[in-house]
1. Being closer than 19 Å to ILE679 by Cα and open to solvent by less than 60 Å² (accessible area, probe 1.4 Å) is the filter here; which residues of the stretch 720-743 pass it?
2. Given (1) within 30 Å of GLU513 (Cα to Cα); (2) within 34 Å of the chain's Cα centre (by Cα); (3) surrounded by 14 or more Cβ atoms within 10 Å (Cβ to Cβ), where does ARG631 come up short, assuming only one miss?
3. Only one residue in LEU466, LEU531 is in contact with a Lys or Arg (Cβ under 7 Å, 6 or more places away or on another chain) and closer than 28 Å to GLN584 by Cα. Which one?
4. From the list ASN272, ASN292, exactly one residue is touching a Leu at 6+ places or on another chain (Cβ under 8 Å), surrounded by fewer than 19 Cβ atoms within 10 Å (Cβ to Cβ) and under 28 Å from ILE130 (Cβ atoms). Which is it?
5. Are there helices (runs of 4 or more DSSP H) fully within the stretch 699-784 with at least 2 residues that are closer than 22 Å to VAL836 by Cα, in contact with a helix residue (DSSP H, G or I) (Cβ under 9 Å, 6 or more places away or on another chain) and not acidic (Asp, Glu)? List them.
6. Can you tell me how many residues within the stretch 142-158 are in a loop (DSSP other than H, G, I, E, B) and in contact with a Phe, Trp or Tyr (Cβ under 6 Å, 6 or more places away or on another chain)?
7. Within the stretch 206-214, is there a residue that is surrounded by 14 or more Cβ atoms within 10 Å (Cβ to Cβ) and of a type in the set (Asp, Glu)?
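The values are calculated or read from the model by the stated rules, or taken from the named source; none is laboratory data. Every value quoted in this text rests on a predicted model; they were computed, and no experiment measured them. Cβ: placed from backbone, ideal geometry, glycine included. Neighbour counts: every protein chain shown. All accessible areas refer to the heavy atoms of the entire protein, side chains included, with ligands and DNA or RNA removed. Shrake-Rupley method; radii C 1.70, N 1.55, O 1.52, S 1.80 Å.
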Amino acid sequence: MKSALDSLAFLAEDSEVASLMRSFDWTTCAIGAPENWPPTLIALVNNILVSRVPMMVNWGPRLLSIYNDAYRHQFLGSKHPAAFCQPYQDIWPEIWPQLEPVIERGWAGKTTSFENALFTFERGGYKEQIWATFSHSPVFDGGVVVGAFGVGMDATASVLAERRQGFQLAFVDKLRGLTGASDITAAATQLLGEHLGATQVFYSEVDDQLENFSTSATWSALPLPALPSGGRLSDYGEEIIATLRSGTPLVIDDVRRDRRTVAYAEAYEGLNIRSLLVVPLVKSGRLIANLNVSRRDPYHWTKEDIVATQDVAERTWAAVERARAEAALVLERDRSRDILDNMDECFVLLDRDFHVVQINAGALRLEQRAASEVVGRTVWEGWPGIERTEIGRLYKHAMAERVRVKYGHTYTYPDGRTFWLEMNAFPYGDGLAIFYRDVTDTKLAEQRVLAAAQHDPLTGLPNRALVFEYASRLLAAGQRGHAHGAFLFIDLDRFKPINDLYGHEIGDRLLQEVAKRLLTCVRKEDLVGRLGGDEFIVVLHQVGNVYSSATVAQHILDALSYPFEIDTLDLSISACIGISEFPQHGTDVDTLIHAADLAMYQVKHECRGNYFTYTPELHNRANASSAIEARLKRALQRDGLVLHYQPVIDMKTGRLANVEALLRLTGDDGRIIGPDQFIPVAEAAGLISQLGEWVAVEACRQHLAWQKEGLPPINLALNVSPLQFRQRGFAQQLQSIVKDAGLNPACIQIEVTESTVMGNIDEAVNTLNHIRSSGIQIALDDFGTGYSSLSRLSNLPLDKLKVDQSFVHRLGHDNSSKAITMAIIALGRTLNLEIVGEGIESEEALAYLEEQGCNQAQGYFISRPLTSPEFASWYRERAFTTSG
């Protein structure tokens, strides 16, 4: 008797199934021992074993199965090797009702096929489904059908693609008719569950704090206990939460086998969940919702399952958001039933040949015609002219490709009416359903909003945004065409006093009139804009010798020089104009406006009511100011500020009367920067209050340090800038600094300039009285340079009057300065004030001032400003000399 190996010597292929055949116990198979096989069977077996296409031979009336490796791997899974040499019906009992008619036709001698059959088997411990198409050909031996030869092809990809497309179309079609968020989520969960063959599907949303979720829709294929209505995200565990927050789908094939869920397996199974797929929705970096799909059995979720769930999740969220937005809009519209009744969307249904089958009342109202005029006619006849337009092309595309299209367009009816229509067309049956609505009012409103967003609401001129947009396009075109243009930066003088005096209504009307005059000064192609406040900009499209920027600037100055008649008022203003030209001063909007701005400030500083063209020197000055500002900010945070002290002596005794603290700034290179350079920068940068506070604190600290060194008490004079003096709470701040330092307020004197207190005399008097009430002395500095009247001066609570050094410097050669100085001293004595002469640089000036009755002297003839150690030495030497 031959062995199994000997009897299978005819096998030409060494494969997995061939190895099985060699070790197989053929006594258990009705086919019998291979040495007894007919040549037909041997040939068929050899043919299928060498093929890489899934093939099977079914032999005998019971269709005993012999298959190749490709068939085993593609279709059998864990059914192999038990399926070998078994009846076909026993291998596939679940689809035998569909297979039996095919087999019967084969036994009748006919070649038949079985398309897209669903096969379910286990692979890797999980159920798996595939679709296959089989052809069955009868096998003849001696003219008699003795079996069948089958060839299988995996059709899973095409079936899934077809199912996906059908599902998506059904899903979109279903959701299209739903308007409520709960209806949408309910339909979405049901459709997805039925499509995936899931046990349960639920849609949950996450709260704004990302702590809790609430279930808004649940679907179950079986009558199962209801799932919880919500819960805490933390219940999922940190690793799962991190996965969901990242937007990555959570895929659990078996809660008992996955390390992330094994600890909670009983809890999951208590909710009838054995396998789980969760697709998170992350928008703008935040987890907002989850779509959860589960089964009661272990299941390997395929890529197709994940993609389908992701697609449903995104579409559901979008539909829910849209439904909520539309619900909010409907709720708002419900307040006016009359409006609601007249806001029906237009609808037209076309057949496959583009004939109008149906048209609704909303469309007829818009069309202003009867249904009989369009029904039965083609859409091209009903709406003449659209066939060759973009909307006509989209209709044809939607009809031919069976796709949805959306489009917004304008349409002019034969009677001349023009509308902006928003169209949404999609396949319906074998035709096309078209929804459209009149959005003309909305579009016009959007255009008005856009215009409002780009124009100044007060003057109607282009605002900063539109100026930049226009100018950017102009510069781009200018560079291509080598054109020359200009920017005129206009700042109004004397507008603020008018606005403060007569009120904002008059100020607004004045700005409107200014805008009108500016428009008369330029060409139509030029642009006049308002940047804000009392600042305007003119962009000249093209300049040359005839139409130059200087000519336009002078024209504007002349136009603004005439009084403005507003009600009964004749208001006069002027302007400062800075000019920059392109391309020589820059090729971008920011650079050119900045250059014109610098030029405008040059006019303000040198000669108001004029114009000036930008030069590179202005940029250097601005850079220097920026450098000083940066140095000031660093100095306020770290070392860099220092006080120098200039003595003031009593003219009769020669002894020290007080010392004036003078602020100095150390530059990055170690050089001293004078106050004439950094004080204007500090005022412009809003740092003057911080500087003033630093001076007061440092001066008080130094005063205490001198006392510890054994120096007698010293009266300190502190300069106060106009901006610092006018700040709310200045008096309280100064008093607090002196009190916190533990100094006698009588040791402190503040010096304010004449212009500082004369701006608002009543407010200044209140502030000075508050300061003086604490014992701090007040000195009026630089007296004689302003326009103070005697009556106003007599109201001020002062202790000292300082003769401005500009008069003292000219005493030796200017009789007018002598006369003014004599008058100031006489006035001070009349008001019982101490008189201080500052800027004394000669013995003659000192003698003259003493002769006129001046009480105290200050200047380089007495002493230059000194550092604190230098002053201490000077004071000790002076005290010893005067006492001796």
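1. Across the stretch 720-743, the qualifying residues are VAL720, SER721, PRO722, GLN724, PHE725, PHE730.
2. Checking ARG631 against (1) within 30 Å of GLU513 (Cα to Cα); (2) within 34 Å of the chain's Cα centre (by Cα); (3) surrounded by 14 or more Cβ atoms within 10 Å (Cβ to Cβ), the one that fails is (1).
3. Values: LEU466 fails: in contact with a Lys or Arg (Cβ under 7 Å, 6 or more places away or on another chain).
Within the list LEU466, LEU531, the selection yields LEU531.
4. ASN272
5. Because the criterion is at least 2 residues that are closer than 22 Å to VAL836 by Cα, in contact with a helix residue (DSSP H, G or I) (Cβ under 9 Å, 6 or more places away or on another chain) and not acidic (Asp, Glu), the helices (runs of 4 or more DSSP H) in the stretch 699-784 that meet it are 722-726, 754-758, 761-772.
6. Within the stretch 142-158, residues that are in a loop (DSSP other than H, G, I, E, B) and in contact with a Phe, Trp or Tyr (Cβ under 6 Å, 6 or more places away or on another chain) number 1.
7. no
Residue by residue, here is whether (1) closer than 18 Å to MET55 by Cα; (2) more than 56 Å from the chain's Cα centre (by Cα); (3) in a strand (DSSP E or B) holds:
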residue: PHE114; (1), (2), (3): yes, yes, yes
residue: GLU122; (1), (2), (3): no, no, yes
residue: LYS127; (1), (2), (3): no, no, yes
residue: TRP131; (1), (2), (3): yes, no, yes
residue: PHE140; (1), (2), (3): yes, yes, yes
